[in-house]
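The values are calculated or read from the model by the stated rules, or taken from the named source; none is laboratory data. Only a predicted model underlies this, so the values are computations on that prediction, with no experimental measurement involved. Ideal geometry is used to build each Cβ from the backbone, glycine not excepted, and the neighbour counts take in all protein chains shown.
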Amino acid sequence: MKYVHVYALFLMVVFCTSCRQNQTEGKKIMINSENKGVITSHGPQSITRNIIQDRKGNIWIAAFDGIFRYDGKSFTNITSKVSSARFFSVLEDSKGNLWFGSIGSGVYRYDGKSFQNFTTKDGLAGNSVTCIYEDKTGNIWFGASRYDGKSFRNFTAKDGLSNNNVNSVIEDKTGKFWVATTGNIFVYDGKKFNVFTHEGKSFSNVRSIIEDKKGNIWLGGADGLWRYDGSTFTNFIQKFVGHIIEDKKGNIWTSSESANSPAWVNSEIGNSQAWALSRFDGKYLSDKKPTVTEITNKGMIFGILETFDGSIWFGTFDGVHRYDGKTISDFKGEEGQK
């Protein structure tokens, strides 16, 4: 009888260990001739949310019709045979893995040989992953979930994070984390999340946070475009801002509502529509009315990327576009259109 109890305990340990392994490994999908991806004569043709460039120079695009890779010559939809998910976010980590966040299907890790799908069954906080970020220690953040390569740590109201609908995460030069949600902005010191305020008021629905080369924090969302230098706040525009980047020259690029643009905004291309891609000249950011150039207007503009050659890529409702400093090209055909 004693051996029966020992054997039963052994089975329980094996079963639990197996459960824990499944929670951290995720569903693995090997690449074969059927799911290598599909080379296309065009880029994405649906909502395009985020764009990055990997260390080899390839451009990766997260769109609602798949994850596209552009090698400078052609596009490949690498998820067309793997998942029909709508993709929202993309990251290359320090090990060279690609991570793809989706709406409703969790996150996929791609190592060039296989895909692994992580969902709430594996410990992820939610199956809609709208932002992915790697911190200085190599942890990967999927919104309110932090993954150390083995398991997920999900932050909740118990940690001070009262809203887990996360739009953006960054770690600043001091090691503090800034977390933008559809509600407030939170600053995480490693122990607790605290609401970030300005004159006693919190920021609402911030979509993008960056830290510039000088250490300033830029916030873009429902309250407009703000810069925080550690003590002073500067509000540049009050229109809704969706995305922010800083380019190599120190210029700030934004996607924002363009209706009722102030007189000091210059228009280079296109007529005023709903949203604008704008460039704030880095030389004049200390001025009350900085030099701003409205590059183009589209129905809506999402993620923005500066590539190695200085081109600006951005996503829209109907695909991806590239601005080379003079003209804007789309990729709806083999050669792209201008």
**Prompt:** How about region 140-159: which of its residues are surrounded by fewer than 16 Cβ atoms within 10 Å (Cβ to Cβ) and either of a type outside the set (A, V, I, L, M, F, W, C) or assigned to a strand (DSSP E or B) (or both)?
**Reply:** ASP148, GLY149, LYS150, SER151, ARG153, THR156, LYS158, ASP159
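Just to verify a result, which residue in region 202-217, among those that are farther than 24 Å from LYS283 by Cα and touching an Asp or Glu at 6+ places or on another chain (Cβ under 9 Å), is surrounded by the fewest Cβ atoms within 10 Å (Cβ to Cβ)?
Step one: filter region 202-217 for residues farther than 24 Å from LYS283 by Cα, giving 202-207.
Add one more test, that the residue is touching an Asp or Glu at 6+ places or on another chain (Cβ under 9 Å), and what stays is 203-206.
Working: PHE203: 23, SER204: 13, ASN205: 16, VAL206: 25.
Ranking the qualifying residues of region 202-217, first place goes to SER204.
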**Request:** Please work out which residue is farthest from the chain's Cα centre (by Cα), limiting yourself to region 293-322 and to residues that are over 16 Å from PHE64 (Cα atoms) and aliphatic (A, V, I, L, M).
**Result:** ILE295
**Message:** Of everything in region 158-191, what is out of contact with any strand residue (DSSP E or B) (no Cβ under 6 Å at 6 or more places or on another chain) and at negative phi? Give them in sequence order.
**Reply:** LYS158, SER162, ASN164, LYS173, THR174, THR182, GLY183, ASP189, LYS191
**Request:** Would you check if ASN194 is touching a strand residue (DSSP E or B) at 6+ places or on another chain (Cβ under 7 Å), in a loop (DSSP other than H, G, I, E, B) and surrounded by 14 or more Cβ atoms within 10 Å (Cβ to Cβ)?
**Result:** no
**Fill in**
Counted residues in region 218-240 being more than 18 Å from THR182 (Cα to Cα) and surrounded by 12 or more Cβ atoms within 10 Å (Cβ to Cβ) come to 8
**Message:** Any residue that is of a type in the set (S, T, N, Q) and in contact with an Asp or Glu (Cβ under 9 Å, 6 or more places away or on another chain) - is there at least one of those in region 86-109?
**Reply:** yes
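So that you can scan it fast, the table gives a plain yes or no per residue for (1) buried (at least 20 other Cβ atoms within 10 Å of the Cβ); (2) of a type in the set (Lys, Arg); (3) modelled with pLDDT under 55:
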residue: THR254; (1), (2), (3): yes, no, no
residue: SER258; (1), (2), (3): yes, no, no
residue: PRO262; (1), (2), (3): no, no, yes
residue: ALA276; (1), (2), (3): yes, no, no
residue: GLY282; (1), (2), (3): no, no, no
**Prompt:** Only one residue in ILE52, ILE103, ILE78 is among the aliphatic types (A, V, I, L, M) and touching a Ser or Thr at 6+ places or on another chain (Cβ under 6 Å), so which one is that?
**Reply:** ILE103
**Message:** Among the residues of region 169-183, are any among the small types (Gly, Ala, Ser), in a loop (DSSP other than H, G, I, E, B) and surrounded by 16 or more Cβ atoms within 10 Å (Cβ to Cβ)?
**Reply:** yes
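One line per residue, one yes/no per condition, for (1) assigned to a loop (DSSP other than H, G, I, E, B); (2) of a type in the set (Val, Ile, Thr); (3) over 21 Å from GLN53 (Cα atoms):
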{"position": "ILE67", "(1), (2), (3)": "no, yes, no"}
{"position": "LYS73", "(1), (2), (3)": "yes, no, no"}
{"position": "THR76", "(1), (2), (3)": "no, yes, no"}
{"position": "THR79", "(1), (2), (3)": "yes, yes, no"}
{"position": "SER102", "(1), (2), (3)": "no, no, no"}
{"position": "TYR133", "(1), (2), (3)": "no, no, no"}
**Which listed residue is farther than 18 Å from GLY319 by Cβ and surrounded by 23 or more Cβ atoms within 10 Å (Cβ to Cβ), from PHE68, PHE118, PHE87** = PHE118
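Inspect region 73-81 for any residue being β-branched (Val, Ile, Thr), within 19 Å of the chain's Cα centre (by Cα) and surrounded by fewer than 21 Cβ atoms within 10 Å (Cβ to Cβ) and give the result as yes or no.
Step one: of region 73-81, the residues β-branched (Val, Ile, Thr) are 76, 78-79.
Adding the requirement that they be within 19 Å of the chain's Cα centre (by Cα) leaves 78-79.
Applying the additional criterion that residues be surrounded by fewer than 21 Cβ atoms within 10 Å (Cβ to Cβ) yields none.
Within region 73-81, none of the residues are β-branched (Val, Ile, Thr), within 19 Å of the chain's Cα centre (by Cα) and surrounded by fewer than 21 Cβ atoms within 10 Å (Cβ to Cβ).
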**Asked** Taking region 222-261 as the region of interest, how many residues are of a type in the set (A, V, I, L, M, F, W, C) and assigned to a loop (DSSP other than H, G, I, E, B)?
**Response** 3
**Prompt:** Taking only pairs six or more apart or across chains, which ones have beta-carbon atoms under 6 Å, a first residue in region 297-311 that is more than 14 Å from ASP330 (Cα to Cα), and a second residue that is assigned to a loop (DSSP other than H, G, I, E, B)?
**Reply:** GLY299/ALA274; GLY299/PHE317; MET300/PHE317; GLU306/ASP247
**Subset of region 90-115 [buried (at least 18 other Cβ atoms within 10 Å of the Cβ) and among the basic types (Lys, Arg)]** = ARG109
